[in-house]
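Asks: I am attaching a structure below and will ask some questions about it afterwards.
The values are calculated or read from the model by the stated rules, or taken from the named source; none is laboratory data. Source: prediction; values computed, not measured. Quick reminder, even Gly has a Cβ in these numbers, built from the backbone with ideal geometry, and neighbours come from all protein chains shown.
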Amino acid sequence: MSDSPVKTRREGAILEVTLDRPKANAIDLETSKIMGDVFADFRDDPELRVAIITGGGEKFFCPGWDLKAAAGGDAVDGDYGVGGFGGLQEMRDMNKPIIAAVNGIACGGGLELMISADIILAADHAQFALPEIRSGTVADAATVKLPKRIPYHVAMELLLTGRWFDVEEARHWGLVNEIVPGERLMERAWEMARLLESGPPLVYAAIKEIVRDAEDSKFQDAMNRITGRHLRTVDILYGSEDNLEGAKAFAEKRDPVWKGK
């Protein structure tokens, strides 16, 4: 629907998702549920391989929770829908790559939404913060995820102070993959998406499941689970047509044709 706070565009195997809720793209309960449904449909659609998440306009990617909605009765501990806040950060079995195209301010829950993506491209004017500490609340998802993505002492300083930082610092700490001029952000996101679209979807699925499964495992325990075919996506990959196609294409010195089966 045209008046929906979440706009989608589909081209080939790529889905672009735009959080478009003026003035700042803040997320209330209804919007979070819509986003969850969109990403669940993306996850379950065999014809889709890659998603891009971005914000409408040029100033805000997402500032997080809609405080006006909260003042109007939205409970901060309410039902955010499948996938949790923003539809991504608790989405189960999301075995397809997600690209975040951060077009402006990403703070609080918006930063948490951003770091739920696999690859992060940021406009050169983007800014970031976790200001929850200043209002006496906890950035729960960021507290779990951020120390795993950047150095622990840096993550703790950002969580404990709530200070703002710019895109150059974000890249310095490895929080974003690339800085892109604002006018080229979506062009670059689609370039990246098309590159991933051309790759082997079953391998992507295996990579994402391995990463999740190995997160709290010792190296050898994780390797034993992979080689012992205890992971569903790995088992599917090794018995697939795509696995055989990769070997054939290499031997025949041609580009492989991935079918996702």
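Asks: Taking the stated definitions as given, is K148 among the basic types (K, R) and either surrounded by fewer than 17 Cβ atoms within 10 Å (Cβ to Cβ) or not assigned by TED's automatic domain parsing to the domain that holds L15 (or both)? First the steps, then the outcome.
Replies: Working: among the basic types (K, R): yes; either surrounded by fewer than 17 Cβ atoms within 10 Å (Cβ to Cβ) or not assigned by TED's automatic domain parsing to the domain that holds L15 (or both): yes.
When the stated conditions are applied, K148 passes them.
Asks: Residue under question is D221, and the condition is that it be surrounded by 16 or more Cβ atoms within 10 Å (Cβ to Cβ), at pLDDT below 90 and not aliphatic (A, V, I, L, M); does it hold?
Replies: Details: surrounded by 16 or more Cβ atoms within 10 Å (Cβ to Cβ): no; at pLDDT below 90: yes; not aliphatic (A, V, I, L, M): yes.
When the stated conditions are applied, D221 does not pass them.
Asks: Now for a different question. Go through the stretch 35-74 and give me each residue that's at pLDDT 95 or above and touching a His at 6+ places or on another chain (Cβ under 9 Å).
Replies: Listed by number, the list holds a single entry, K59.
Asks: Based on this model, can you work out whether R21 counts as in a strand (DSSP E or B), assigned by TED's automatic domain parsing to the domain that holds E187, without any contact (Cβ under 8 Å) to a residue 60 or more places away in the chain and more than 14 Å from the chain's Cα centre (by Cα)?
Replies: So R21 does not fit the description; no.
Each row is one residue, and each column tells you yes or no for (1) among the polar types (S, T, N, Q); (2) surrounded by fewer than 21 Cβ atoms within 10 Å (Cβ to Cβ); (3) closer than 30 Å to I210 by Cβ; (4) not assigned by TED's automatic domain parsing to the domain that holds D140.
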residue: L15; (1), (2), (3), (4): no, no, yes, no
residue: M35; (1), (2), (3), (4): no, no, yes, no
residue: E47; (1), (2), (3), (4): no, yes, yes, no
residue: A51; (1), (2), (3), (4): no, no, yes, no
residue: T54; (1), (2), (3), (4): yes, no, yes, no
residue: G78; (1), (2), (3), (4): no, yes, no, no
residue: F85; (1), (2), (3), (4): no, no, yes, no
residue: E90; (1), (2), (3), (4): no, yes, yes, no
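Asks: Right, something else. With outside the structural domain of K96 (by TED's automatic domain parsing), under 22 Å from E11 (Cβ atoms), assigned to a helix (DSSP H, G or I) and out of contact with any Cys (no Cβ under 8 Å at 6 or more places or on another chain) as the only criterion, which of A189, A222, A205 stands out?
Replies: Sole residue among the options that is outside the structural domain of K96 (by TED's automatic domain parsing), under 22 Å from E11 (Cβ atoms), assigned to a helix (DSSP H, G or I) and out of contact with any Cys (no Cβ under 8 Å at 6 or more places or on another chain): A205.
Asks: All but one of (1) surrounded by 13 or more Cβ atoms within 10 Å (Cβ to Cβ); (2) more than 26 Å from G12 (Cα to Cα) hold for H153, so report the exception by its number.
Replies: Tallying (1) surrounded by 13 or more Cβ atoms within 10 Å (Cβ to Cβ); (2) more than 26 Å from G12 (Cα to Cα), H153 fails exactly one: (1).
Asks: Also, quick follow-up: Could you please give the count of residues in the stretch 224-261 that are closer than 24 Å to R92 by Cβ and among the aliphatic types (A, V, I, L, M)?
Replies: Qualifying residue count for the region: 5.
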